[in-house]
Amino acid sequence: MNTISDFYGAVRLDLRDPPAGESLTRHPGVLGLLAVWHERACFREELALKARYTPYLIGDIGLTMDEVREELAKPFWRR
């Protein structure tokens, strides 16, 4: 993620339908499942770092600290 809009889009990724023409199964099978889990774990690690070191920016991306805590409390396999 290189921009705040990328970060915001990733936070809301699970709440939206995929863009038109994008497959729901970007990575089919077990390898796909592992890829999704890895992506979620990395995202949550990055979110934790942003919340810890730049908490004043969390509101700028449209989240509250309560929403961040809820996201960080989820295990990697949960959406």
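The values are calculated or read from the model by the stated rules, or taken from the named source; none is laboratory data. Predicted, not measured: the structure shown is a model, and the values here were computed from it. Virtual Cβ from ideal backbone geometry, glycine too; neighbours counted across all protein chains shown.
Things worth noting here:
Results for (1) loosely packed, with under 11 Cβ neighbours inside 10 Å; (2) in a helix (DSSP H, G or I); (3) modelled with pLDDT of 95 or more, shown as yes or no for each residue.
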site	(1), (2), (3)
G9	no, yes, no
E22	yes, no, no
T25	yes, no, no
V30	yes, yes, no
A41	no, yes, yes
E67	no, yes, yes
R79	yes, no, no
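- Taking each residue of the stretch 50-79 that is farther than 23 Å from W37 by Cα and looking for partners that are among the aliphatic types (A, V, I, L, M) and surrounded by fewer than 12 Cβ atoms within 10 Å (Cβ to Cβ) with beta-carbon atoms closer than 8 Å, six or more apart or interchain, yields P55/M65; I58/M65.
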